[in-house]
Structures are given as structure tokens and as C-alpha cells.
Amino acid sequence: MNKQANGKMQAAQVEQFGQPLVLKQIDIPTPGPGQILVKTEACGVCHTDLHAAGGDWPLKPGLPFTPGHEGIGIVTALGDGVTAVRLGERVGVPWLYSACGHCEFCLAAQEPVCAKAQFGGYTQNGGFAEYIVADANYVAHIPAGLAARDAAPLICAGVTSYKGLKETQARPGQWVVISGIGGLGHLAVQYAKAMGLLVCAVDIDDGKLEHARRLGADAVVNAKSGANSGDPVAAVRQVTDGGAHGVLITAPSLPAFKQGVGMTRKHGCCVLVGIPPGEFPTPLFDVVANCITIRGSFVGNRRDMVEALAFAVAGKVKADIELQPLSAINSVFERLAKGEVPSRVVLDFPA
Ligand code: NAD
Ligand code: ZN
Ligand code: ZN
């Protein structure tokens with residue numbers, strides 16, 4: 001059933017936290033029962049991959065591992081018992097690699113918080129490799145008409161931004177702040193406009209803010225201290241006439257979190273999506289007396305994925321991508337860490 005069982009493939013692996021990835025030839029994995037083998041066509045590089053390679057978070061992946069959770073490819077082999085996926089189909093192997101399907105969270109379509117969830121490119125090997133083994137029940141089904149390279153950023157950055165915006169509960173005509181206009185944020189601006197929201201984009205880089213303007217942002221604020229005449233919180237509160245109804249923080253930077261809470265309107269919701277390691281101070285009186293909600297949001301469920309992809313098929317959302325070969329991964333990581341990637345790098349695999 002698995003023709004490539006004895007072959008080798010190229011993969012970029014983390015062997016030690018904080019060290020460059022190692023490009024090497026490893027065995028092509030064999031799909032077990034319920035699993036599929038995917039030949040990678042494209043894989044986006046998410047800032048989460050940097051956190052993963054850095055060992056930034058309390059829950060650490062086992063070493064060595066292959067990062068990448070925006071992998072898109074063609075199904076080339078099926079393990080026993082697979083019925084939900086066909087050979088030759090184009091699928092995405094997302095961060096939510098699998099879940100138990102039976103706990104209280106899975107039953108409520110909250111599978112990203114399942115205690116038994118596995119994470120692609122983290123607790124399971126991911127898309128920085130020519131082949132990926134995936135769970136047939138949790139892959140994203142890529143609609144016809146969406147190229148692999150365009151789909152790649154949508155299966156993490158896209159679904160996370162879209163779900164995070166829904167979690168703000170901002171309604172059409174209301175303001176949202178999107179803090180961090182990188183891979184997630186440049187898609188969040190487009191989803192928010194398609195959802196009828198007014199967008200105030202916040203970043204520390206003027207180039208990212210100009211890009212947000214081109215994507216339809218109604219206002220932009222540079223959060224770098226000294227870049228504005230006043231402070232960024234005051235600037236946002238002025239533009240939005242009292243703060244945004246929803247705030248989505250994608251910035252992988254702790255100062256953005258306290259600022260984001262300050263940018264939230266009374267009775268508004270501040271959704272935390274960026275995951276820089278650490279904690280941030282919360283002004284309790286302001287949060288309580290203004291009835292502000294602070295909420296975490298972690299990727300999205302499988303239905304959110306279908307909806308997030310549908311915006312792209314409808315032509316309302318398109319990732320801005322820069323193609324690079326797998327062999328360039330370490331220089332891509334260096335640029336991403338410095339904020340020098342304009343939107344999203346997608347690793348392009350030869351057919
Ligand atoms: P990215 O590097 O592409 O973009 C980050 C952007 O934030 C850049 O434009 C940068 O200039 C900007 N920025 C940096 N400091 C800032 C500040 N103080 N204020 C405003 N903007 C600032 O990163 P990405 O791939 O978009 O990922 C962003 C974060 O989201 C990462 O921490 C990642 O791990 C996290 N993430 C979370 C989820 C989730 O499910 N919650 C999913 C994907 C990614
Ligand atoms: Zn991601
Ligand atoms: Zn579960």
C-alpha cells in the first residue's frame with residue numbers, strides 16, 4: 001500500500017533548541033491505521049515554528065522533530081481503515097494534528113483544547129519535509145481552485161486570524177484593532193474587512209502599516225515608542241472614539257499585550273493570539289470597571305477551517321507570499337525573528 005516505504009526524503013529538523021535546523025535525509029514515514037501519507041507541495045513558515053525551535057514554551061516537543069504546520073500536499077498513500085480522504089486529494093496538515101474526538105471539548109467542537117490533542121510540526125513531525133504523515137480525520141480539505149502555495153498560510157495564519165476575530169464578537173460597522181501585521185495580521189486585516197469591520201492596524205514597522213493600508217485598513221498606528229506624537233494607546237482610542245470593540249493581538253511581543261488591553265473599548269473584548277513566552281501586567285481596576293473581556297484563542301476547529309478557506313475561494317482573502325526552497329529555512333528563520341519577512345514565507349517543494 002505504501003510504495004515509498006523504503007525511500008528517503010529531505011527534512012529540516014530541530015535537533016537542539018535554539019540551534020539552526022539540520023537539513024538531512026531521513027526515512028519516508030509509513031502511515032499507520034487511520035493515517036495518510038502526504039507528498040508536500042508547499043509549507044508556510046509561521047512564527048510558532050520559531051517558538052518551537054527555540055523551546056520557548058512550557059510544553060516542549062521531543063527532540064529531534066520536524067517543524068511546519070502549514071503543509072499542503074497530495075495524498076499518496078492511505079493507512080488501514082481510512083475513508084474520509086481519497087488518494088490524489090489535496091490536503092493540509094495543520095497545527096491541530098489530531099484530537100481524541102470524545103472528551104467534553106471535542107464533543108463541543110472545541111478540539112484545539114483537547115487534552116489528548118497532537119500538534120503538527122510540534123508533538124508530531126510536520127511540513128518542513130518532502131512527506132508528512134497525517135491523521136485522516138483532522139486534515140484540511142483544500143478546495144479545488146486554491147493552489148497549494150496560496151492555501152498554505154491559510155491553514156494556520158488564516159484560520160487563527162479568522163477565529164480570533166469571531167471571538168472578539170465585534171459586529172459589522174464596529175472597530176477592531178489588529179496588533180501585529182505579519183503572517184497572521186495581514187490576513188486578519190482582510191478577514192476583518194470581509195466581515196464588515198472597521199480596522200485599525202497596529203505594528204512597529206511602517207512598511208507593515210503601509211501594507212495594511214493597501215489591504216484596506218481604515219486607520220494605522222505605529223506602536224514603537226516615539227514613533228507617534230502621543231502614545232499608541234491614546235492614538236487608537238482617539239481614532240476609534242473610545243477604544244476598539246474588538247482587539248486581536250498577534251504580535252509576538254509582550255508590550256503589545258498591555259497596550260492591547262488599553263486599546264479595548266468599555267465592554268469590548270481583547271483576544272490574545274500571539275504567544276511570546278512570559279506574562280504581562282493587567283491593570284485590574286481598568287479591566288474590571290470597564291467590563292473588559294480578555295480571552296485566549298487557539299487556532300480554530302475544523303468548521304472554522306472550512307469557513308476560513310471559503311473566504312479565499314470567494315476571492316476575499318489572499319495571502320501575500322514569498323517562495324523559498326526548504327534549504328533556505330535557516331535564513332528565513334533569522335529574518336522572521338528580526339521582523340524582516342514582509343508577510344509570509346512559503347517553502348516551495350519541487351513537484
Ligand atoms: P510574524 O513574525 O509574521 O508577525 C508578527 C508581527 O508583529 C510583525 O509584523 C511585527 O513587526 C509585529 N510586532 C512585533 N512587535 C510588535 C509590537 N510591540 N506591537 C505591534 N506589532 C508588533 O508572526 P506570525 O506568524 O504572524 O505569528 C504571530 C504570533 O502568533 C506568534 O507568537 C505565533 O506563535 C502566534 N500564533 C498563535 C496561534 C494561536 O493559535 N493562538 C496560531 C499561530 C501563531
Ligand atoms: Zn502557525
Ligand atoms: Zn478530546
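The values are calculated or read from the model by the stated rules, or taken from the named source; none is laboratory data. Not measured: the values here are computed from a predicted model. As a convention, Cβ positions derive from the backbone with ideal geometry for all residues, glycine included, and neighbour counts pool all protein chains shown. Note: accessible area is taken over every heavy atom of the protein model, side chains too, but ligands, DNA and RNA are not part of it. Shrake-Rupley method; radii C 1.70, N 1.55, O 1.52, S 1.80 Å.
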Rounded, prolate or oblate: which fits the chain when a ≥ b ≥ c are the square roots of the eigenvalues of the alpha-carbon gyration tensor, with rounded for a/c under 1.5 and prolate only if a/b beats b/c? prolate
Of every hundred units of 1.4 Å-probe accessible area on the chain, the number belonging to carbon and sulfur atoms, as a percent, is 53
Restricting to Cα pairs below 8 Å that are 6+ residues apart, what does the relative contact order work out to for the chain? Please round to a whole percent. 18
Which residue, Gly145, Val38, Ser253, has the largest displacement toward the positive end of the dipole of the chain when charges sit on each Cβ (Lys, Arg +1; Asp, Glu -1)? Gly145
Which helices count as membrane-span-like in the chain under these terms: full DSSP H, at least 15 Å along the axis by C-alpha, Kyte-Doolittle mean of -1.0 or more? 157-168, 183-194, 302-313
By the C-alpha gyration tensor axes a ≥ b ≥ c (rounded if a/c is under 1.5, else prolate when a/b exceeds b/c, else oblate), the shape of region 84-144 is oblate
Rounded to the nearest 0.05, what FRET efficiency do Thr293 and Gln25 give with R0 = 45 Å and r taken as the Cβ-Cβ distance? Could you check? 0.35
Quick calc, region 61-190, dipole around Cα centre from Cβ unit charges on Lys, Arg (+) and Asp, Glu (-), nearest 20 debye, gives 300
Separation of region 11-31 and region 248-297 by C-alpha centroid, Å? 36
Just how large is the dipole of region 158-296 about the Cα centre, in debye to the nearest 20, putting +1 at every Lys and Arg Cβ and -1 at every Asp and Glu Cβ? 360
Can you classify region 158-296 as rounded, prolate or oblate using the Cα gyration tensor, where a ≥ b ≥ c are the square roots of its eigenvalues, rounded means a/c under 1.5, and otherwise it's prolate if a/b beats b/c and oblate if not? rounded
Surface accessible to a 1.4 Å probe, per residue, for the residues of the chain, Å²: 43
What is the dipole size for the chain, taken about its Cα centre, with +1 at each Lys and Arg Cβ and -1 at each Asp and Glu Cβ, in debye to the nearest 20? 500
